[in-house]
Amino acid sequence: MSYSAEISRTNPSCFLFVIDQSGSMADPFGGEAGKRKADGVADALNRLLQNLVIKCAKTEGVRDYYYIGVIGYGAQVGSAFLGNIAGRELVPISEVAANPARIEERTKKVEDGAGGLVEQMVKFPIWIEPIANQGTPMRKAMTMAETTLKSFVAAHPDAFPPIVIHITDGESTDGDPTEAMRNVTNIQTSDGNVLLFNVHLSSSSSQPIAYPNSSDALPDKYAQLLFDTASELTPFMLSIAREQGYDPEAGARGFVFNGDLALVIQSLDIGTRPSNLR
Amino acid sequence: MPKAGNTAAEYEDAFGVSKTSPDSTFRSVVAIADGASESLLSRQWAKLLVKRFVRHWQEPSELDEWLSDTLRAWQHEKRSYLRQRVREHKPIQWYEEPGLEAGAFAALLGLVITRPDASNESSNGCGYTWRAVAVGDCCLFQMRADVCIRSFPVTESRAFTNRPFLLSSNLARNAGIAERFQFAEGDAQRHDRFFLMTDALAAWFLYEIENGAAPWRELSNLFRAKNPAQAVGEWIKARRTAHELRNDDVTLIELEILD
């Protein structure tokens, strides 16, 4: 059965985030004033990395259940990590844990135990900065993802298949990325093919489409491309989508169109919730 | 035995056995605990639970007192751990703080076997009674004349798919915990055997029974092997490889009433 390999330190898996850092990411989410898309995505990703590290933290340290990569594409294509791990493609999660570029203090509202809310200071490690600059070289980014994952799979042939979460708000400016995306999802371990999530961020206020199983309701060729290249959700991911209040049908894809920030966070959760961690 | 891929130091179960009382009133206490792998300090919490159970457990009516004493003992244990980290120049890292704050979690099973007056043997057996306490999914099985006559607190192998309610070292995470404690009791006769085991092995054990097998024979034979530790280790490895046993820490205690 595919997608059932145990994730352990001897058989780690991999999350690769591919993030659009083009100029249009400086715009706010469609229909929402204020927060820029680049800021929202960087916050969501930093928080996700923080949660992943905490999940792997044990009494004697952080266990390397995962390798993590973040490819940014905009003015340049390459690792988006900052600080000591800048420039590295895949980093064991214990090194991610030990090397945030900095740790900010942020406030969080928590229950005060008497029915009210109080603000509490919490640590917020930063690995990724929001960047919004120039074009959208999606094809080149996906080609880099392919190279990175091929070397991971060569070293870990029986791993739970790597999961790629691609977040973008625009169309590729360096040609059709379809083949490059297919090359990514054609990579496989003995436990199944690489899984690709395409998360499209809203530039308009139109209704988002989340985890469809057909492209019938999609508005254009571009949405069709992102749907076609996205992987089908595994049974475990389908169960998490249901937990989140969706009702995905059989064959639902890891695809979100015109998503808001809440949908980005939810899809990151669906894609990265550990199913079989040992 | 730790889960495959983990070292012995990463085994997060715990077990404890009391010394037999010196006077004629026989009382023997055993306990096992299974620390949750998602939480920090779960091994230490599991060890503390079995130690406190074996040494201090009295009656179900004194549960609240036992719990609050145990949580107080944990505060002491946690403070020494934090002091040790300072001494070792290994300060608590940002990624450890949420887990330390949330607390450790563990399943606990305790068994008390008594014979009120050892000099006054009753006619229906040898006058032993047992009482068991469980929170979570560690299991007790009682065997008599090659038949499993009692299974506690889980009675079906499929029940192990659910997330069990575990005992937390954090008072705030223990809301309604008293209602989660389960109690059982019964009598014990000469040559009755008791098995205490953590969830992965218990799931296998119940599954085998449901399919008409007698898994206690297999386990007893392992303990009677020339080198029991090696026999158990090899047997567990083979069951894991055959996907009959979930890869998890395994703890097993077998007791037999001899006279």
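Coordinate-derived values only; no laboratory data. Small disclaimer: the values here were computed from a predicted structure and weren't measured. Positions of Cβ are backbone-derived with ideal geometry, glycine not excepted, and every protein chain shown enters the neighbour counts.
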Write out the GluC sites (Glu not before Pro) in the range A:229-277 meeting two conditions: DSSP loop, and at most 11 other Cβ atoms within 10 Å of their Cβ. A:Glu249
Cα-based equivalent ellipsoid, the range B:148-259: semi-axes from gyration tensor eigenvalues, Å: 26, 20, 14
Could you tell me what fraction of 2.2 N^0.38 Å the Cα radius of gyration of the range A:87-166 comes to, as a two-decimal ratio? 1.62
Over all Cα pairs of the range B:8-256, the Kirkwood radius sets Rh, and Rg/Rh then becomes 0.98
Would you mind checking the tilt of helix B:228-241 against the longest principal axis of the Cα atoms of chain B, expressed as 0 to 90 degrees and rounded to 10? 70
Can you list, bin by bin at 20 Å, the percent of alpha carbon pairs in the protein assembly as shown, starting at 0? 19, 45, 28, 7, 0
Roughly what would the spin-label model give for A:Tyr246 and B:Leu82, points 7 Å off Cα along C-beta, in nm? 4.1
Based on the Cα atoms of the range A:13-272, what semi-axes does the equivalent ellipsoid have, where each is the square root of 5 times one gyration tensor eigenvalue, given in whole Å with the largest first? 26, 23, 20
As a test, work out the antiparallel percent of DSSP beta bridges whose residues both lie in chain A, rounded to the nearest 5. 50
Spin-label point model (7 Å from Cα, Cβ direction): what's the A:Arg47 to A:Lys221 distance in nm? 3.7
Towards the positive end of the charge dipole of the protein assembly as shown, with charges on Cβ (+1 Lys, Arg; -1 Asp, Glu), say which of B:Gln182, A:Ile240, B:Gln93 has the farthest Cα. B:Gln93
Gaussian network model of chain B, springs between alpha carbon atoms under 10 Å - residue of B:Glu88, B:Glu62, B:Glu218 with greatest fluctuation: B:Glu88
Whose amide H sits under 5 Å from the amide H of A:Leu196, counting only residues 5 or more places off or on another chain, with H placed in the peptide plane? A:Val164, A:Ser231
Please turn the phi angles of the range A:65-73 into ³J(HN,Hα) values with the Karplus equation 6.51 cos²θ - 1.76 cosθ + 1.60 (θ = phi - 60°), one per residue in order, whole Hz, x for glycine and proline. 6, 9, 9, 10, x, 9, 9, x, 9
Projecting each Cα onto the charge dipole of the protein assembly as shown (Lys/Arg +1, Asp/Glu -1 at the beta carbon, about the Cα centre), which of A:Val18, A:Leu90, B:Ile236 comes out farthest on the positive side? B:Ile236
What is the extension gain from A:Arg182 to A:Met121, computed as 0.36 nm multiplied by their sequence separation minus the C-alpha to C-alpha distance, in nm to one decimal? 17.6 nm
Report, for the protein assembly as shown, the % of DSSP beta bridges that are antiparallel, rounded to 5. 75
Taking R0 as 60 Å and r as the Cβ-Cβ distance between B:Thr241 and A:Asp27, the FRET efficiency 1/(1 + (r/R0)^6), rounded to the nearest 0.05, comes to 0.65
Nearest-20 debye value, chain A charge dipole, Cβ charges on Lys, Arg, Asp, Glu: 640
Dipole in debye (nearest 20) - the range B:61-105, about Cα centre, beta carbon charges: Lys, Arg +1; Asp, Glu -1: 440
On C-alpha positions alone, give me the angle between the axis of helix B:42-56 and the longest principal axis of chain B, in degrees, nearest 10. 50
Of the DSSP H helices in chain A, those whose Cα atoms cover at least 24 Å axially and whose Kyte score averages -0.5 or more: A:37-56, A:138-155
State which entries of A:Lys37/A:Lys150; A:Lys37/A:Lys109; A:Lys37/A:Lys108; A:Lys108/B:Lys3; A:Lys35/A:Lys123 exceed 26 angstrom in Cα-Cα distance in the structure shown. A:Lys37/A:Lys150; A:Lys108/B:Lys3
Counting only DSSP beta bridges with both residues in the range A:108-249, what percent are antiparallel, rounded to the nearest 5? 50
What FRET efficiency comes out for the pair A:Glu60/B:Ser61, r = Cβ-Cβ distance, R0 = 30 Å, nearest 0.05? 0.15
Could you tell me how many degrees, from 0 to 90 and to the nearest 10, lie between the Cα long axis of helix B:63-87 and the main elongation axis, the longest principal axis, of the Cα atoms of chain B? 50
Under unit Cβ charges (Lys, Arg +1; Asp, Glu -1), what dipole magnitude, rounded to 20 debye, does chain B have relative to its Cα centre? 740
Based on the Cβ-Cβ distance of B:Glu256 and B:Thr129, what FRET efficiency does E = 1/(1 + (r/R0)^6) give at R0 = 22 Å, to the nearest 0.05? 0.85
At 0.36 nm per residue, minus the direct Cα-Cα distance, what do B:Lys226 and B:Asp187 gain on full extension? Give it in nm, one decimal, please. 10.9 nm
